[in-house]
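Data first, discussion second: the structure below is written as structure tokens.
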Protein chains: 2
Amino acid sequence: MPLAPLFRPIDVAPAYQKVADAIEREIVNGRIKPGDPIGTEHDLVRQFGVNRSTIREGIRVLEEGGLISRDSSRRLHACLPRYTKLASRLSRALVLHEVTFRELYEASMTLEVASIEGAVERATEENLSELTDNLARSEAVVGDPAMLAECDAEFHVLVAKASQNRVLQLAREPAAQLFYPTTEMIVTGVAEGGPRLVAAHRHLIDAIRRRDREAGVLWTRRHLQDWRRGFEKIASLDRSVEHMYMEHAQAARRR
Amino acid sequence: MPLAPLFRPIDVAPAYQKVADAIEREIVNGRIKPGDPIGTEHDLVRQFGVNRSTIREGIRVLEEGGLISRDSSRRLHACLPRYTKLASRLSRALVLHEVTFRELYEASMTLEVASIEGAVERATEENLSELTDNLARSEAVVGDPAMLAECDAEFHVLVAKASQNRVLQLAREPAAQLFYPTTEMIVTGVAEGGPRLVAAHRHLIDAIRRRDREAGVLWTRRHLQDWRRGFEKIASLDRSVEHMYMEHAQAARRR
DNA sequence: TCTGTCCCTTTGTCCGACAAAGTTAGAGCG
DNA sequence: CGCTCTAACTTTGTCGGACAAAGGGACAGA
């Protein structure tokens, strides 16, 4: 006969974790606002009554989570976690889980279509000028696969931004980061890949400007299908995203 | 006349960061596989030639990122980052960025519809039995808003799982975690909310079983619109997700 | 087979220390 | 008076060593 649960598990956490939790709570509850200074390590030593080493371990945890960071003079302050940094954590996780390009493709089809729909509906003039600026730069580097791939990645970030939906922006980012390296490979390997990519971007901007949802969705689909066809010339969609791709993502995160 | 760039920028990072980066690289490159033991702190001290405090700070960084963890005996080993833990970081970020429920709703409409489409297409018998099991539990607690909200959250996780698309699974999770607390409030406030929720789940399972995509999409939309109607009875969609909701997410993360 | 004990290892925490880099206050100068 | 330069002072990153608590393993005894 199993024992009736007399006791709840005791909350026994290491001190550094408690320090991190306490500071996190203050930030997430809004009592410490982004930009507000956290004290110096010595201050925290006094406040929490633990050793500086312990404080420092707690700080590392929060720093990695993006909740606090150090300014130019290395003083601590709360800050808003940055999307790209968080997304690169997710990308890394997807790589480790060995997701396939098919999963990436399918999810992106959904997410990028949703982005363009939002952009068509709500893009501002500023969004449009950012996009046209990106297009101009893309046209200038259409012969350079590495640069073009970078422009392409930025283009889609800008589309998502134009959707004014930050949840969507964040949701699409991890998958997008894993796409990025393959775009370069495809543009390198497929002769008319570059021009087609730029043409698709042009049509997408046009659709956003005309608030033509159908066209936006259509050209997003085509754009992604182009990617897929290009990719299938060099590998199977059912291959898992490989570890080596992460080198790109790692470099991107540090930037 | 500007100087020709004689020197590359030196990579100047604190030692603890270099330790973390070095270990991360080995894991992400696959040379250390999930489950493999990392040495003891003393081993790492010897290998990197730095102080144990420095090693420990590096370890905290990786631990927070979910790349390594400690087993029952607190020994270090590499591990696969867990979706829910990563997603809660994102949820936290979304709260701090003060996203609105409208953004959450719109993104979820896209993501949950995509999930059900995948589930309809690819759900296995095991997925279905998990879902029906969840349904049974939901029916049992239809009068208890807190428990029902928990079941609802799990239901949608199971649907996403049934889509066999881990990218989608991961992408929907942050938004879903922010939904969860409101579901409880809505079911509490709206009399027929509980039964409607359970009925929707029943229809969704049915659609998956019959591989009826139209029905799946339809009922997902209805289910979300129900949430929206319920929510608008207690607050505006344009309100930002508030800090207090995070307490739920925090509790969930620890679990 | 199970249990209690002893020993060794490992982790979590603490203390004190120091160099390097940043900050602040004050002296010196125009 | 306002500006620059220098000399304290502070803070961070790193180091060395220390110790208690908890875990793991081996071993004896019931």
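Structure above, values below:
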quantity	calculated
So residue B:101, is it more than 8 Å from every other protein chain (Cβ to nearest Cβ) and within 28 Å of residue A:34 (Cβ to Cβ)	yes
Which listed residue is within 13 Å of residue B:166 (Cβ to Cβ) and open to solvent by 10 Å² or more (accessible area, probe 1.4 Å), from A:126, A:112, A:121, A:103	A:103
Search result, residues across segment A:144-170 that are part of a helix (DSSP H, G or I), open to solvent by 10 Å² or more (accessible area, probe 1.4 Å) and within 14 Å of chain B (Cβ to nearest Cβ)	A:161, A:166, A:169
Hits in segment B:166-204 (condition: of a type in the set (Asp, Glu) and farther than 26 Å from residue A:28 by Cα)	B:192
Residue within segment B:146-157 that is in contact (Cβ under 8 Å) with a residue 24 or more places away in the chain and under 12 Å from the mean Cα position of the chain (by Cα) present	yes
Search result, residues across segment A:45-61 that are in a helix (DSSP H, G or I) and either within 10 Å of DNA strand C (Cβ to nearest atom) or closer than 13 Å to residue A:17 by Cα (or both)	A:45, A:48, A:52, A:53, A:54, A:55, A:56, A:57, A:58, A:59, A:60, A:61
Number of positions in segment B:14-44 that are assigned to a helix (DSSP H, G or I) and open to solvent by less than 40 Å² (accessible area, probe 1.4 Å)	11
Every pair of residues 6+ apart whose Cβ atoms lie under 7 Å, when the first sits in segment B:39-57 and is away from every other protein chain (no Cβ under 14 Å) while the second is near DNA strand C (Cβ under 8 Å from one of its atoms) and at pLDDT 95 or above	B:45/B:52
Top-ranked residue of segment A:45-98 - restricted to ones that are within 16 Å of DNA strand D (Cβ to nearest atom), open to solvent by less than 40 Å² (accessible area, probe 1.4 Å) and among the hydroxyl-bearing types (Ser, Thr, Tyr), ranked as modelled with the lowest pLDDT	A:69
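The values are calculated or read from the model by the stated rules, or taken from the named source; none is laboratory data. Just so you know, these numbers come straight off a predicted model, no measurement behind them. Using ideal geometry, Cβ is built from the backbone for each residue, glycine included, and neighbour counts are taken over all protein chains shown. Only protein heavy atoms, including side chains, enter the accessible area calculation; ligands, DNA and RNA are left aside. Shrake-Rupley method; radii C 1.70, N 1.55, O 1.52, S 1.80 Å.
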